[in-house]
1. Between Ile108, Ile301, Ile243, find the one with the highest GNM mean-square fluctuation for the chain; connect C-alpha pairs within less than 10 Å.
2. For a quick check, take a GNM of the chain with Cα springs below 10 Å and name the residue from Gly112, Gly29, Gly318 with the largest mean-square fluctuation.
3. Counting only residues 5 or more places away or on other chains, whose amide H sits under 5 Å from the amide H of Ile128 once H atoms are built in the peptide plane?
4. For the chain, with a Gaussian network of springs between Cα atoms less than 10 Å apart, report the residue from Thr344, Thr300, Thr76 with the top mean-square fluctuation.
5. With θ taken as phi - 60° and the coefficients 6.51, -1.76 and 1.60, list the Karplus ³J(HN,Hα) couplings across the range 157-167 in order, rounded to whole Hz; mark glycine and proline as x.
6. Collect residues whose amide H, placed 1.01 Å from N in the peptide plane, falls under 5 Å from the amide H of Ala159; neighbours closer than 5 in sequence don't count.
7. To the nearest 500 deg cm²/dmol, what mean residue ellipticity at 222 nm is calculated for the chain from DSSP H runs of n ≥ 4 alone, each contributing -39,500 (n - 2.57), summed and divided by the residues?
8. When the C-alpha atoms of the chain are aligned to their principal axes, what extent does each axis show, in angstrom, from largest down?
Amino acid sequence: MAARTTSPLLTWTSFAPALAVIALVLTWGRDLGTVVVIIVAAVLAGAVLAAVHHAEVVAHRVGEPFGSLVLAVAVTIIEVALIVTLMVSGGKDTASLARDTVFAAVMITCNGIVGLSLFVGAQRYGLISFNAEGTGAALATVTTLAALTMVVPTFTTSAPGPEFSSSQLAFAAVASLALYGMFVSTQTFRHRDFFLPVSDEGQLLEDTHADPPTTRATLVSLGLLLLSLVAVVGLAKVESPAIEAAVAAAGFPPSFVGVVIALLVLLPETLAAVRAARRKRIQISLNLALGSAMASIGLTIPAIAIASVWLEGPLLLGLGATQMVLLALTVVVSVLTVVPGRATRLQGGVHLVLLAAFVFLAINP
């Protein structure tokens with residue numbers, strides 16, 4: 001007798017987005033008790049994991065590096081929508097939320113996801129290889145975007161404090177979109193081979209571990225991915241008062257809310273990157289990490305610039321001295337990691353220590 005197979009529509013990854021949307025409808029705009037907050041958090045986690053699954057299905061269909069781009073953009077949509085909704089509802093108290101979240105995203109991706117991927121891959125295979133040309137181009141773009149949007153505002157004089165004037169913010173938004181657009185064009189068309197996995201001998205590799213999904217399965221996953229994203233954004237907004245209360249109760253600075261948001265929205269990227277590293281597809285892990293950092297800045301800043309038209313209060317984008325030191329150290333270490341095109345556990349461990357330093361200093365500034 002032939003084995004029975006489960007329909008793709010009858011798996012938990014199909015039910016989770018629908019359940020999350022139902023939970024969103026039932027809890028939106030209401031004061032929630034502790035038990036309900038915990039239940040909503042569990043549903044939110046399920047929606048995030050379902051989004052990872054469906055993004056990977058779509059990514060497998062379109063292939064690399066399009067797949068990494070799909071997941072990076074999907075996660076960034078979550079981040080942008082969440083930041084904007086929190087800033088609209090929070091008023092002046094959220095003036096630095098965009099900066100805190102985007103900087104946390106850069107540190108988590110460039111140190112956390114990169115470090116964890118390198119460590120996991122090297123732990124399993126010893127010496128791991130990746131394409132230094134593509135990774136170097138991605139790192140250069142991330143560095144330029146981060147400096148332009150989060151370092152320069154600290155030193156401008158047209159507006160008081162670490163913020164841009166209206167014209168400066170418009171320039172930063174246009175420049176961010178232009179840089180991101182040029183990188184995507186380079187990654188997906190003109191120099192696609194720079195972003196494909198390579199063997200230890202430097203030969204390009206294609207993922208052949210499974211047949212690509214059918215068109216129908218891909219379209220179903222695309223629809224469920226969009227549903228998951230809507231649910232994640234909405235439920236994260238529902239959970240935001242509990243997050244803020246927990247941060248305050250723990251005695252952490254209010255800016256730590258941005259770290260929590262970044263950790264939440266980058267969970268799909270982290271899981272997908274570690275899976276790729278375990279298959280010795282380190283280039284895919286790096287594409288995910290640096291692509292997310294790039295999208296986080298290149299798409300968030302323009303969105304915030306548009307939203308600033310109706311947002312109350314200042315928009316603080318400039319980093320403090322400690323944050324700039326951490327960013328500079330991350331860039332230097334990342335360059336030294338990327339240049340050889342090979343890495344061991346040591347490089348992964350260095351990046352993870354930098355992430356730990358960032359989290360510790362975010363709690364104890």
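1. Ile243
2. Gly29
3. So Ile128 has HN proximity to Ala343.
4. Thr344
5. 10, 5, 10, x, x, x, 9, 8, 6, 4, 5
6. Ser165
7. Result for the chain, helices only: -23500 deg cm²/dmol.
8. Over the chain, Cα extents along the principal axes are 67, 50, 35 Å.
Read-outs throughout are calculated quantities, based only on the coordinates presented, and are distinct from any laboratory measurement. Note that this is a predicted model, so its numbers are computed, not measured. Neighbour counts are summed over all protein chains in view; Cβ atoms, including those assigned to glycine, are modelled from backbone coordinates with ideal geometry.
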